[in-house]
Amino acid sequence: MARAPAPWYIPSVPSGGFRHRLLALLVVTGASVLASFAIADGLDPEAPRTIVIGDPLGPAPRDRVDPRRLGRAHTALPKAPEVLWRRDLAGSIDLPPVIDPKGGVIVALASPEVVRLDAEGKQAWRLRLGASRPVVPPAIAAGGSAVVVASDGSFWSVSLGGAVRFSTDLALATNKAAASPLPRADGSVVVAGNSGLVIVDAQGRIDARCELSDRPIGGLIPTSRGLVVPTFEGRVYRWQPPGKPVLVGDFGGRLDGGGSLASDKSLVAVVDGSRVVALDLVTASLTTLLGESVPLAPYEPTVVLTPGGLLLATTVIGELFAVDARATLVQRGALEPLPTMFTADAGAAVGAMLRTNTMHAGPPMVVDPGGRVAFARNSGRVGLVEPDGSILVAQARQCARPIALLPAGVGRMVVACRSGAVALFGDGKQP
(Lines give C-alpha, C1' and ligand atoms only; values in the text may rest on other atoms or scores of the structure.)
Protein backbone atom coordinates (compact mmCIF):
# COMPACT_ATOMS: atom_id res chain seq x y z
CA MET A 1 0.00 0.00 0.00
CA ALA A 2 1.13 3.53 -0.68
CA ARG A 3 -0.39 6.84 0.31
CA ALA A 4 -0.29 9.55 -2.32
CA PRO A 5 -0.45 13.30 -1.68
CA ALA A 6 -3.83 15.01 -1.68
CA PRO A 7 -4.93 14.83 -5.32
CA TRP A 8 -7.15 17.90 -5.60
CA TYR A 9 -5.72 20.20 -8.19
CA ILE A 10 -6.22 21.88 -11.52
CA PRO A 11 -4.52 19.52 -14.01
CA SER A 12 -0.99 20.65 -14.78
CA VAL A 13 -0.67 21.60 -18.43
CA PRO A 14 1.86 23.86 -20.13
CA SER A 15 1.21 27.56 -19.84
CA GLY A 16 -0.58 29.20 -22.70
CA GLY A 17 -4.04 29.61 -24.14
CA PHE A 18 -5.30 26.14 -23.32
CA ARG A 19 -4.47 26.42 -19.61
CA HIS A 20 -6.03 29.88 -19.33
CA ARG A 21 -9.16 28.77 -21.17
CA LEU A 22 -9.43 25.77 -18.84
CA LEU A 23 -9.18 27.90 -15.71
CA ALA A 24 -11.71 30.35 -17.13
CA LEU A 25 -14.11 27.53 -17.89
CA LEU A 26 -13.87 26.28 -14.31
CA VAL A 27 -14.63 29.74 -12.90
CA VAL A 28 -17.53 30.40 -15.29
CA THR A 29 -19.01 26.94 -14.85
CA GLY A 30 -18.84 27.09 -11.06
CA ALA A 31 -20.47 30.52 -10.99
CA SER A 32 -23.29 29.64 -13.36
CA VAL A 33 -24.08 26.42 -11.55
CA LEU A 34 -24.19 28.20 -8.20
CA ALA A 35 -26.58 30.81 -9.52
CA SER A 36 -28.95 28.33 -11.10
CA PHE A 37 -28.94 25.59 -8.45
CA ALA A 38 -28.87 27.50 -5.17
CA ILE A 39 -32.65 27.97 -5.19
CA ALA A 40 -33.39 24.36 -6.20
CA ASP A 41 -34.02 21.44 -3.86
CA GLY A 42 -30.66 19.88 -4.52
CA LEU A 43 -27.93 18.38 -2.37
CA ASP A 44 -29.10 20.07 0.81
CA PRO A 45 -26.98 18.97 3.79
CA GLU A 46 -29.50 20.53 6.20
CA ALA A 47 -32.43 18.50 4.87
CA PRO A 48 -33.87 15.84 7.22
CA ARG A 49 -32.33 12.42 6.70
CA THR A 50 -33.41 8.88 7.46
CA ILE A 51 -30.48 7.11 9.07
CA VAL A 52 -30.28 3.43 8.15
CA ILE A 53 -28.19 1.12 10.32
CA GLY A 54 -27.21 -1.76 8.09
CA ASP A 55 -29.35 -3.48 5.49
CA PRO A 56 -31.11 -6.76 6.35
CA LEU A 57 -30.67 -7.84 2.72
CA GLY A 58 -26.87 -7.66 2.96
CA PRO A 59 -23.97 -5.20 2.52
CA ALA A 60 -24.66 -4.79 -1.21
CA PRO A 61 -27.96 -6.52 -2.10
CA ARG A 62 -28.61 -4.60 -5.31
CA ASP A 63 -26.82 -2.76 -8.07
CA ARG A 64 -25.35 0.54 -6.76
CA VAL A 65 -25.69 -0.74 -3.18
CA ASP A 66 -28.55 1.38 -1.77
CA PRO A 67 -32.11 1.94 -3.07
CA ARG A 68 -31.37 5.55 -4.07
CA ARG A 69 -28.45 4.33 -6.20
CA LEU A 70 -25.94 6.63 -4.54
CA GLY A 71 -23.25 4.01 -3.88
CA ARG A 72 -23.53 4.38 -0.10
CA ALA A 73 -22.20 1.56 2.07
CA HIS A 74 -23.77 1.02 5.50
CA THR A 75 -20.48 -0.08 7.07
CA ALA A 76 -16.95 1.27 7.12
CA LEU A 77 -14.61 0.48 4.24
CA PRO A 78 -11.20 -1.01 5.13
CA LYS A 79 -8.66 1.44 6.53
CA ALA A 80 -5.57 -0.40 5.28
CA PRO A 81 -6.92 -2.79 2.64
CA GLU A 82 -5.03 -5.86 1.50
CA VAL A 83 -6.17 -8.88 -0.48
CA LEU A 84 -7.62 -11.48 1.92
CA TRP A 85 -8.57 -13.95 -0.78
CA ARG A 86 -8.89 -14.18 -4.55
CA ARG A 87 -10.82 -16.73 -6.61
CA ASP A 88 -10.83 -17.26 -10.36
CA LEU A 89 -14.20 -18.50 -11.60
CA ALA A 90 -14.44 -20.65 -14.71
CA GLY A 91 -16.32 -18.09 -16.73
CA SER A 92 -16.36 -14.37 -17.46
CA ILE A 93 -18.43 -11.75 -15.64
CA ASP A 94 -20.43 -9.09 -17.50
CA LEU A 95 -22.68 -7.96 -14.64
CA PRO A 96 -21.95 -6.59 -11.15
CA PRO A 97 -22.35 -9.24 -8.41
CA VAL A 98 -24.20 -8.66 -5.12
CA ILE A 99 -23.26 -9.38 -1.51
CA ASP A 100 -25.80 -11.33 0.56
CA PRO A 101 -26.58 -11.08 4.33
CA LYS A 102 -23.99 -13.77 5.15
CA GLY A 103 -21.21 -12.00 3.28
CA GLY A 104 -21.44 -14.33 0.31
CA VAL A 105 -20.83 -13.08 -3.24
CA ILE A 106 -23.57 -13.93 -5.77
CA VAL A 107 -22.13 -13.80 -9.30
CA ALA A 108 -24.17 -14.05 -12.51
CA LEU A 109 -21.79 -15.29 -15.19
CA ALA A 110 -21.82 -14.47 -18.89
CA SER A 111 -23.15 -18.01 -19.40
CA PRO A 112 -26.54 -19.20 -18.03
CA GLU A 113 -24.92 -19.85 -14.64
CA VAL A 114 -24.93 -18.31 -11.18
CA VAL A 115 -22.20 -18.89 -8.59
CA ARG A 116 -22.13 -18.20 -4.86
CA LEU A 117 -18.82 -17.72 -3.05
CA ASP A 118 -19.07 -17.79 0.73
CA ALA A 119 -17.48 -15.16 2.99
CA GLU A 120 -14.18 -17.12 2.95
CA GLY A 121 -14.11 -17.22 -0.84
CA LYS A 122 -15.03 -20.90 -1.21
CA GLN A 123 -17.50 -21.87 -3.93
CA ALA A 124 -20.71 -22.76 -2.10
CA TRP A 125 -22.65 -23.71 -5.24
CA ARG A 126 -22.86 -23.22 -8.97
CA LEU A 127 -26.21 -23.47 -10.81
CA ARG A 128 -27.26 -23.50 -14.41
CA LEU A 129 -30.52 -21.58 -14.79
CA GLY A 130 -32.22 -22.57 -18.04
CA ALA A 131 -30.60 -21.91 -21.39
CA SER A 132 -30.37 -18.10 -21.41
CA ARG A 133 -27.77 -15.92 -19.75
CA PRO A 134 -28.56 -13.38 -17.01
CA VAL A 135 -29.13 -10.00 -18.62
CA VAL A 136 -29.10 -7.56 -15.66
CA PRO A 137 -27.35 -7.65 -12.26
CA PRO A 138 -28.87 -10.06 -9.73
CA ALA A 139 -30.43 -8.86 -6.47
CA ILE A 140 -31.16 -10.15 -2.97
CA ALA A 141 -34.88 -10.25 -2.18
CA ALA A 142 -36.45 -9.94 1.26
CA GLY A 143 -36.21 -13.37 2.84
CA GLY A 144 -32.67 -13.88 1.60
CA SER A 145 -33.09 -15.41 -1.85
CA ALA A 146 -31.14 -14.31 -4.92
CA VAL A 147 -33.17 -13.28 -7.96
CA VAL A 148 -31.97 -13.39 -11.56
CA VAL A 149 -33.52 -12.09 -14.79
CA ALA A 150 -32.55 -13.96 -17.97
CA SER A 151 -32.52 -12.75 -21.56
CA ASP A 152 -35.42 -15.08 -22.52
CA GLY A 153 -37.85 -13.34 -20.14
CA SER A 154 -37.55 -15.84 -17.31
CA PHE A 155 -37.23 -14.81 -13.65
CA TRP A 156 -35.45 -17.11 -11.19
CA SER A 157 -35.41 -17.21 -7.39
CA VAL A 158 -32.61 -19.18 -5.72
CA SER A 159 -32.12 -19.72 -1.98
CA LEU A 160 -28.75 -18.89 -0.44
CA GLY A 161 -28.34 -22.64 0.00
CA GLY A 162 -28.41 -23.10 -3.77
CA ALA A 163 -31.94 -24.48 -4.29
CA VAL A 164 -34.14 -23.08 -7.06
CA ARG A 165 -37.28 -21.76 -5.35
CA PHE A 166 -39.17 -21.01 -8.56
CA SER A 167 -38.89 -19.86 -12.16
CA THR A 168 -41.47 -17.50 -13.65
CA ASP A 169 -42.17 -16.48 -17.23
CA LEU A 170 -42.42 -12.69 -17.10
CA ALA A 171 -44.25 -12.47 -20.45
CA LEU A 172 -41.94 -9.51 -21.00
CA ALA A 173 -39.14 -9.01 -23.52
CA THR A 174 -35.86 -8.78 -21.61
CA ASN A 175 -33.18 -9.46 -24.22
CA LYS A 176 -32.25 -5.75 -24.17
CA ALA A 177 -33.08 -5.10 -20.52
CA ALA A 178 -30.68 -2.66 -18.89
CA ALA A 179 -32.20 -1.83 -15.48
CA SER A 180 -31.43 -3.92 -12.41
CA PRO A 181 -34.34 -5.47 -10.45
CA LEU A 182 -35.63 -3.71 -7.33
CA PRO A 183 -36.35 -5.84 -4.22
CA ARG A 184 -39.21 -4.61 -2.00
CA ALA A 185 -39.87 -5.09 1.71
CA ASP A 186 -42.79 -7.49 1.16
CA GLY A 187 -40.57 -9.94 -0.72
CA SER A 188 -41.73 -8.87 -4.16
CA VAL A 189 -39.35 -7.67 -6.88
CA VAL A 190 -39.90 -5.07 -9.60
CA VAL A 191 -38.39 -6.13 -12.92
CA ALA A 192 -37.79 -3.86 -15.92
CA GLY A 193 -37.72 -5.29 -19.43
CA ASN A 194 -37.15 -3.73 -22.85
CA SER A 195 -40.32 -1.65 -22.71
CA GLY A 196 -42.26 -2.44 -19.58
CA LEU A 197 -42.28 -3.25 -15.87
CA VAL A 198 -43.51 -6.29 -13.93
CA ILE A 199 -43.90 -6.92 -10.19
CA VAL A 200 -43.22 -10.52 -9.15
CA ASP A 201 -44.45 -11.44 -5.66
CA ALA A 202 -42.54 -13.58 -3.15
CA GLN A 203 -44.10 -16.79 -4.54
CA GLY A 204 -43.31 -16.04 -8.17
CA ARG A 205 -46.73 -14.75 -9.25
CA ILE A 206 -47.14 -11.66 -11.42
CA ASP A 207 -48.73 -9.00 -9.22
CA ALA A 208 -48.78 -6.01 -11.60
CA ARG A 209 -47.41 -4.86 -14.94
CA CYS A 210 -47.26 -1.83 -17.19
CA GLU A 211 -45.91 -0.85 -20.59
CA LEU A 212 -43.45 1.89 -21.48
CA SER A 213 -42.51 3.39 -24.82
CA ASP A 214 -38.90 3.75 -23.62
CA ARG A 215 -36.26 1.34 -22.29
CA PRO A 216 -35.56 1.61 -18.53
CA ILE A 217 -31.88 2.05 -17.72
CA GLY A 218 -29.70 1.70 -14.61
CA GLY A 219 -32.28 0.87 -11.97
CA LEU A 220 -35.68 1.66 -10.50
CA ILE A 221 -35.79 4.01 -7.51
CA PRO A 222 -38.48 3.86 -4.80
CA THR A 223 -39.94 7.13 -3.51
CA SER A 224 -42.96 8.02 -1.36
CA ARG A 225 -44.84 8.92 -4.55
CA GLY A 226 -44.08 5.77 -6.50
CA LEU A 227 -41.24 4.21 -8.46
CA VAL A 228 -38.99 6.55 -10.43
CA VAL A 229 -38.03 4.98 -13.75
CA PRO A 230 -35.19 6.61 -15.77
CA THR A 231 -34.91 5.52 -19.40
CA PHE A 232 -32.07 5.28 -21.88
CA GLU A 233 -33.53 8.11 -23.99
CA GLY A 234 -33.42 10.46 -20.96
CA ARG A 235 -37.11 10.55 -20.11
CA VAL A 236 -38.14 9.83 -16.52
CA TYR A 237 -41.41 8.22 -15.46
CA ARG A 238 -43.14 7.64 -12.15
CA TRP A 239 -45.13 4.44 -11.66
CA GLN A 240 -47.51 3.84 -8.79
CA PRO A 241 -49.29 0.50 -9.38
CA PRO A 242 -51.97 -0.23 -10.42
CA GLY A 243 -51.93 3.06 -12.35
CA LYS A 244 -50.09 3.80 -15.57
CA PRO A 245 -46.61 5.33 -15.69
CA VAL A 246 -46.57 9.14 -15.78
CA LEU A 247 -43.86 11.18 -17.50
CA VAL A 248 -42.31 13.54 -14.93
CA GLY A 249 -39.36 14.99 -16.83
CA ASP A 250 -36.75 14.69 -19.56
CA PHE A 251 -32.96 15.02 -19.23
CA GLY A 252 -32.73 15.84 -22.93
CA GLY A 253 -30.06 13.28 -23.74
CA ARG A 254 -28.85 9.70 -23.37
CA LEU A 255 -28.50 8.12 -19.93
CA ASP A 256 -26.09 5.17 -19.80
CA GLY A 257 -26.18 4.70 -16.04
CA GLY A 258 -29.71 5.68 -15.06
CA GLY A 259 -30.20 8.15 -12.22
CA SER A 260 -29.39 8.68 -8.53
CA LEU A 261 -31.84 10.20 -6.06
CA ALA A 262 -29.87 13.03 -4.46
CA SER A 263 -32.87 14.37 -2.51
CA ASP A 264 -36.57 13.61 -2.23
CA LYS A 265 -37.27 15.40 -5.48
CA SER A 266 -33.90 15.70 -7.22
CA LEU A 267 -32.72 12.98 -9.61
CA VAL A 268 -29.12 13.33 -10.81
CA ALA A 269 -27.77 11.67 -13.95
CA VAL A 270 -24.85 11.79 -16.36
CA VAL A 271 -26.25 12.91 -19.73
CA ASP A 272 -24.56 12.01 -23.04
CA GLY A 273 -21.36 11.39 -21.08
CA SER A 274 -20.68 15.12 -21.22
CA ARG A 275 -22.55 16.71 -18.32
CA VAL A 276 -24.02 15.97 -14.90
CA VAL A 277 -27.60 17.22 -14.58
CA ALA A 278 -30.20 17.39 -11.81
CA LEU A 279 -33.89 16.94 -12.69
CA ASP A 280 -36.53 18.33 -10.35
CA LEU A 281 -39.14 15.57 -10.16
CA VAL A 282 -41.86 18.08 -9.22
CA THR A 283 -41.28 20.96 -11.63
CA ALA A 284 -39.35 19.03 -14.35
CA SER A 285 -36.72 21.80 -14.37
CA LEU A 286 -33.10 20.93 -15.19
CA THR A 287 -29.90 22.20 -13.58
CA THR A 288 -26.45 21.47 -14.99
CA LEU A 289 -24.11 20.62 -12.11
CA LEU A 290 -21.04 19.88 -14.24
CA GLY A 291 -20.93 21.12 -17.82
CA GLU A 292 -19.49 19.60 -20.94
CA SER A 293 -16.78 22.27 -21.10
CA VAL A 294 -15.12 21.07 -17.88
CA PRO A 295 -13.84 17.46 -18.26
CA LEU A 296 -10.91 16.37 -20.40
CA ALA A 297 -12.74 13.10 -21.22
CA PRO A 298 -16.31 11.73 -20.97
CA TYR A 299 -17.90 11.28 -17.57
CA GLU A 300 -18.50 7.78 -16.32
CA PRO A 301 -22.21 6.83 -16.13
CA THR A 302 -22.97 7.15 -12.39
CA VAL A 303 -22.32 9.54 -9.50
CA VAL A 304 -21.77 9.19 -5.74
CA LEU A 305 -23.18 11.39 -2.97
CA THR A 306 -21.09 11.49 0.22
CA PRO A 307 -22.63 11.83 3.72
CA GLY A 308 -21.17 15.34 3.82
CA GLY A 309 -23.17 16.41 0.76
CA LEU A 310 -20.47 16.27 -1.93
CA LEU A 311 -21.58 14.93 -5.29
CA LEU A 312 -18.69 13.05 -6.93
CA ALA A 313 -18.32 12.34 -10.64
CA THR A 314 -15.46 10.68 -12.50
CA THR A 315 -14.26 10.56 -16.10
CA VAL A 316 -12.99 7.57 -18.06
CA ILE A 317 -9.38 8.70 -17.61
CA GLY A 318 -9.74 8.99 -13.83
CA GLU A 319 -10.49 12.66 -13.20
CA LEU A 320 -12.54 13.18 -10.05
CA PHE A 321 -14.89 16.15 -9.61
CA ALA A 322 -16.68 17.22 -6.42
CA VAL A 323 -19.70 19.54 -6.36
CA ASP A 324 -20.82 20.86 -2.97
CA ALA A 325 -24.31 21.31 -1.53
CA ARG A 326 -24.74 24.60 -3.40
CA ALA A 327 -23.65 23.01 -6.67
CA THR A 328 -20.28 24.76 -6.70
CA LEU A 329 -17.32 22.91 -8.20
CA VAL A 330 -15.09 22.80 -5.13
CA GLN A 331 -12.54 20.09 -5.89
CA ARG A 332 -10.94 18.53 -8.94
CA GLY A 333 -8.34 15.81 -8.94
CA ALA A 334 -7.34 12.40 -10.22
CA LEU A 335 -7.63 8.83 -9.00
CA GLU A 336 -4.51 7.90 -10.95
CA PRO A 337 -1.92 9.74 -13.06
CA LEU A 338 -3.61 11.38 -16.04
CA PRO A 339 -2.30 10.95 -19.59
CA THR A 340 0.53 13.37 -20.44
CA MET A 341 -0.88 14.09 -23.90
CA PHE A 342 -2.88 17.17 -22.81
CA THR A 343 -0.69 19.99 -24.12
CA ALA A 344 -1.52 23.52 -25.18
CA ASP A 345 -1.56 22.46 -28.82
CA ALA A 346 -3.03 18.97 -28.52
CA GLY A 347 -5.46 19.33 -25.61
CA ALA A 348 -8.58 20.13 -27.61
CA ALA A 349 -7.83 17.53 -30.28
CA VAL A 350 -7.16 14.80 -27.72
CA GLY A 351 -10.33 15.71 -25.84
CA ALA A 352 -12.35 15.35 -29.03
CA MET A 353 -10.69 12.00 -29.75
CA LEU A 354 -11.51 10.71 -26.29
CA ARG A 355 -15.15 11.70 -26.68
CA THR A 356 -15.51 9.65 -29.86
CA ASN A 357 -13.27 6.77 -28.79
CA THR A 358 -14.72 3.59 -27.32
CA MET A 359 -13.09 4.04 -23.91
CA HIS A 360 -14.62 1.90 -21.18
CA ALA A 361 -15.95 3.24 -17.91
CA GLY A 362 -14.64 1.80 -14.68
CA PRO A 363 -16.96 0.44 -11.97
CA PRO A 364 -18.87 3.01 -9.89
CA MET A 365 -17.26 4.23 -6.68
CA VAL A 366 -18.59 3.46 -3.19
CA VAL A 367 -18.63 5.76 -0.14
CA ASP A 368 -18.86 4.73 3.51
CA PRO A 369 -20.54 6.53 6.47
CA GLY A 370 -17.24 8.30 7.29
CA GLY A 371 -16.94 9.78 3.80
CA ARG A 372 -14.15 7.47 2.60
CA VAL A 373 -14.51 6.64 -1.10
CA ALA A 374 -13.37 3.35 -2.66
CA PHE A 375 -12.50 3.03 -6.35
CA ALA A 376 -11.25 0.47 -8.87
CA ARG A 377 -9.85 1.68 -12.18
CA ASN A 378 -9.39 -0.04 -15.53
CA SER A 379 -5.64 0.22 -15.05
CA GLY A 380 -6.05 -2.25 -12.17
CA ARG A 381 -5.51 0.39 -9.51
CA VAL A 382 -7.66 -0.17 -6.40
CA GLY A 383 -7.72 2.29 -3.54
CA LEU A 384 -9.55 4.77 -1.36
CA VAL A 385 -9.86 8.53 -1.20
CA GLU A 386 -9.66 9.77 2.37
CA PRO A 387 -11.82 12.68 3.60
CA ASP A 388 -8.73 14.92 3.50
CA GLY A 389 -8.28 14.13 -0.21
CA SER A 390 -5.26 11.84 0.10
CA ILE A 391 -5.33 8.56 -1.80
CA LEU A 392 -4.50 5.18 -0.30
CA VAL A 393 -3.47 2.70 -3.00
CA ALA A 394 -4.39 -0.85 -1.98
CA GLN A 395 -3.31 -2.60 -5.17
CA ALA A 396 -1.45 -1.19 -8.16
CA ARG A 397 -2.90 -3.78 -10.54
CA GLN A 398 -5.76 -6.03 -9.48
CA CYS A 399 -7.16 -6.77 -12.96
CA ALA A 400 -7.88 -5.15 -16.28
CA ARG A 401 -11.41 -3.79 -16.62
CA PRO A 402 -12.98 -4.53 -13.22
CA ILE A 403 -16.76 -4.89 -13.42
CA ALA A 404 -17.66 -3.95 -9.82
CA LEU A 405 -16.47 -2.75 -6.45
CA LEU A 406 -18.81 -3.55 -3.55
CA PRO A 407 -18.90 -3.12 0.23
CA ALA A 408 -18.82 -6.54 1.90
CA GLY A 409 -19.23 -5.85 5.61
CA VAL A 410 -17.22 -3.99 8.24
CA GLY A 411 -13.72 -3.33 6.90
CA ARG A 412 -14.34 -5.41 3.77
CA MET A 413 -14.87 -4.75 0.06
CA VAL A 414 -15.06 -6.99 -3.02
CA VAL A 415 -13.63 -6.32 -6.48
CA ALA A 416 -14.93 -8.42 -9.38
CA CYS A 417 -13.18 -8.59 -12.75
CA ARG A 418 -14.57 -9.30 -16.21
CA SER A 419 -12.07 -12.15 -16.51
CA GLY A 420 -13.92 -14.03 -13.76
CA ALA A 421 -11.60 -13.14 -10.86
CA VAL A 422 -13.17 -12.07 -7.56
CA ALA A 423 -11.10 -10.67 -4.66
CA LEU A 424 -11.91 -9.66 -1.10
CA PHE A 425 -10.01 -6.67 0.33
CA GLY A 426 -9.95 -6.05 4.06
CA ASP A 427 -8.08 -4.91 7.14
CA GLY A 428 -5.62 -7.67 7.95
CA LYS A 429 -6.07 -11.40 7.69
CA GLN A 430 -9.47 -12.87 8.39
CA PRO A 431 -9.85 -14.45 11.84
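Could you count how many residues in segment 199-236 are within 28 Å of S159 (Cα to Cα), touching a Ser or Thr at 6+ places or on another chain (Cβ under 8 Å) and open to solvent by 20 Å² or more (accessible area, probe 1.4 Å)?
5
Between A90, A40, which is more than 16 Å from S157 (Cα to Cα), surrounded by fewer than 17 Cβ atoms within 10 Å (Cβ to Cβ) and modelled with pLDDT under 95?
Numbers: A40 fails: surrounded by fewer than 17 Cβ atoms within 10 Å (Cβ to Cβ).
Going through A90, A40 in turn, the sole match is A90.
Go through segment 267-299 residue by residue and tally those that are part of a loop (DSSP other than H, G, I, E, B), within 14 Å of L312 (Cα to Cα) and modelled with pLDDT of 95 or more.
The qualifying residues number 0.
Go through (1) under 21 Å from T174 (Cα atoms); (2) surrounded by fewer than 16 Cβ atoms within 10 Å (Cβ to Cβ); (3) not hydroxyl-bearing (S, T, Y) for K122 and report which single condition fails.
(1) is the only condition that K122 fails.
From the list A146, A110, exactly one residue is open to solvent by 20 Å² or more (accessible area, probe 1.4 Å), within 23 Å of the chain's Cα centre (by Cα) and not hydroxyl-bearing (S, T, Y). Which is it?
Of the residues listed, the single one that is open to solvent by 20 Å² or more (accessible area, probe 1.4 Å), within 23 Å of the chain's Cα centre (by Cα) and not hydroxyl-bearing (S, T, Y) is A110.
When both residues are 6+ apart or on different chains and their Cβ atoms are under 9 Å apart, which pairs have a first residue that lies in segment 322-334 and is buried (at least 17 other Cβ atoms within 10 Å of the Cβ) and part of a strand (DSSP E or B), and a second that is hydroxyl-bearing (S, T, Y) and at pLDDT 90 or above?
A322/T306
In segment 196-225, how many residues are at pLDDT below 95 and small (G, A, S)?
Residues flagged as at pLDDT below 95 and small (G, A, S) within segment 196-225 amount to 3.
The values are calculated or read from the model by the stated rules, or taken from the named source; none is laboratory data. Everything numeric here is computed off the predicted structure, so don't read it as measured data. For neighbour counting, all protein chains shown are included, and Cβ atoms are generated from backbone atoms with ideal geometry for every residue, glycine included. Areas reflect the complete protein model, heavy atoms only, side chains present, ligands, DNA and RNA absent. Shrake-Rupley method; radii C 1.70, N 1.55, O 1.52, S 1.80 Å.
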